[in-house]
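Colleague: One structure is given below, represented as C-alpha cells, and several questions about it will come after.
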Amino acid sequence: MSVVDAGRSHTAEDHQHHLHAEQGSPATIVLRGVTAGYDDRPALEGIDLTIRQGSLTAVFGPNGGGKSTLLKVIAGLLRPWHGEAEVLGAPPGDAARRIAYVTQAELVDWSFPVSVWDVAMMGRYPGLGLVRRPGPVDRGAVHLALEQVGMAEHARTQIGQLSGGQRRRVFLARALAANPELYLLDEPVTGVDATTQEDLMDLLEAEARRGKTVVATTHDLACAASRFHDVVALNRTVIAHGPSELVLDQEVLRKTYGGHLLVLGQQAVLLDDAHHHDEAAPGEAHHHEGQPRSSA
C-alpha cells in the first residue's frame, strides 16, 4: 500500500529543462497502435506514445498492466503483434548498442565468481566487438560509473555478496558505463532505502540533463510525482501521458487503477502489491533483495 504525496518538488530549472526537451527535441520513442503480448494473451493494446529526447519519464500502473512488457517492446525484445514502433529512428532492436536495458529479472547465478567490476564492464562489451579487449577508455568508463553509484570501493567484491540495493547500484553502473542514448529501467528504485533512491534519481536526472532519455517503470507514485519530468499512466493501454503532476490527478488514478484505488480525503491510497509484476515470459524470474521469486 502506498500513499500518493509529492515529496521533493521540481525546481524552476527542472521545469525549464523539461520544457526545452519537449519543445525542441526529436522523438526518441514513437509507438503507434502497438499491441503485444505472450502466447495468445495481449499485455498491451493500442499503445500510442511519443517520448522525446532528454525526458525523464516514469511509467506507472497496476500489477499486470503491461509496464515491463512496454519496456521489452521498446528494447526490441518483444515484437508487436500489430502497430508500428520506432526507437532512436529505427525499428526496435536495430539500435541495441545505443540502449541500456536494466530489468528486474536479472537471471544471474549469484554464486558465480563474477565481481562488481566484471558486471559493470559488461556495459562496455557491445561496443568492443569480437576481438578488441577492454582498454584504458573502457576501464575509465567503468571506474567512473562505479564511483557515480557509490560502489567503487566494492569493485572486487563478488556480486552475490551484495545486498539488493547494492546490486541495483551495480546494474545501474553497468548501464552508465555503456554511455547509452536511451535508458530503459524496470523498477530501478523499488526496495531500496531512501538515500539510495535519492542517489539513483540524482544520477538519472543528470543523464536527462545531458540529453539522454530515461524511461523507468515504478510503483512509487510519490517518487514519480516529485522526481520525474513526465509520467505515463498505463493499464494495458495508455490512460494518460503528460507532466508528473498527473500522478496527483484523482481521475487519472481512478482510470488507471480502478478498484485498487481508495480515496481518503485529499490523499489517494493505492491498495497495490509493490512486489508483484507484469506477466513474464516463460522461464523468467524476478528478484528482490537477492531472493528469487517466480512471476509465473
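Colleague: Under 5 Å between amide H atoms, partner at least 5 residues away or on a different chain: which partners does VAL59 have, H built in plane at 1.01 Å?
Modeller: Those qualifying (amide H under 5 Å, at least 5 residues apart or on another chain) are ALA216, THR217, THR218, VAL232.
Colleague: While we're looking at this one, here's another question. Around TYR38, which amide H atoms from residues at least 5 apart in sequence, or from another chain, sit under 5 Å from its own amide H, with H modelled in the peptide plane?
Modeller: Amide H to amide H, under 5 Å and 5 or more residues apart or across chains, TYR38 pairs with ALA43.
Colleague: So, one more: Spelling out what I want: for every residue of region 25-37, take phi, set θ = phi - 60°, compute 6.51 cos²θ - 1.76 cosθ + 1.60 (Karplus), and round to whole Hz; glycine and proline get x.
Modeller: Computed from phi, the couplings for region 25-37 are 9, x, 6, 8, 10, 9, 10, 10, x, 7, 10, 8, x Hz.
Colleague: Quick one: net charge of ARG98's neighbours, Cβ under 11 Å, K/R +1, D/E -1? Mind dumping the intermediate values first?
Modeller: Numbers: positive: ARG97, LYS212; negative: ASP94, GLU181.
With Lys, Arg at +1 and Asp, Glu at -1, the net is 0.
Colleague: Pull out the extension gain between ALA27 and ASP94, defined as 0.36 nm times the separation in residues minus the alpha carbon to alpha carbon distance; nm, one decimal.
Modeller: Numbers: separation 67, 0.36 × 67 = 24.12 nm, distance 1.61 nm.
Gain on stretching ALA27 to ASP94: 22.5 nm.
Colleague: Sticking with this one: Using 7 Å Cα-to-Cβ label points, what is the TYR38/ARG210 separation (nm, one decimal)?
Modeller: Rounded to a tenth, the inter-label distance reads 3.3 nm.
Colleague: Excluding THR35 itself, what net charge comes from residues whose Cβ is under 13 Å from its Cβ, given Lys and Arg +1 and Asp and Glu -1? Could the numbers behind the result be given before it?
Modeller: On the way: positive: ARG32, ARG41, ARG79, ARG236; negative: ASP40, GLU45, ASP48, GLU84.
Once positives and negatives cancel, what remains is 0.
Colleague: While we're on this one: To make sure I understand the rule: partners must be lysines, Cα under 23 Å from the Cα of LYS255, and not fewer than 8 residues away in the same chain. Which ones qualify?
Modeller: Hits, sequence-local ones excluded: LYS67.
Colleague: Check VAL102: other-chain or 5+ apart residues with amide H under 5 Å from its amide H, H built from backbone geometry?
Modeller: So VAL102 has HN proximity to LEU184, LEU185, ASP186.
Colleague: Suppose R0 equals 51 Å. What FRET efficiency, 1/(1 + (r/R0)^6) with r the Cβ-Cβ distance, do TYR125 and GLN250 give to the nearest 0.05? Don't skip to the answer; put the middle values down first.
Modeller: Working: r = 46 Å, r/R0 = 0.90.
Between TYR125 and GLN250 the formula returns 0.65.
Colleague: Could you order the peptides 28-35, 153-160 from most to least packed, using the average number of other C-beta atoms within 10 Å per residue? List each step's numbers first, then the result.
Modeller: Working: 28-35: 19.9, 153-160: 15.4.
Going from most to least packed, we get 28-35, 153-160.
Colleague: Quick one: go through region 115-155 and flag any residue whose amide nitrogen is under 19 Å from the point 7 Å out along the Cα-to-Cβ line of GLN161.
Modeller: 115-121, 146-147, 150-155
Rule-based calculations on the coordinates, nothing more; no lab input. As the structure is a computational prediction, the values presented were derived from the model and not from experiment. Every residue, glycine as well, gets a Cβ built from its backbone with ideal geometry; the counts of neighbours run over all protein chains shown.
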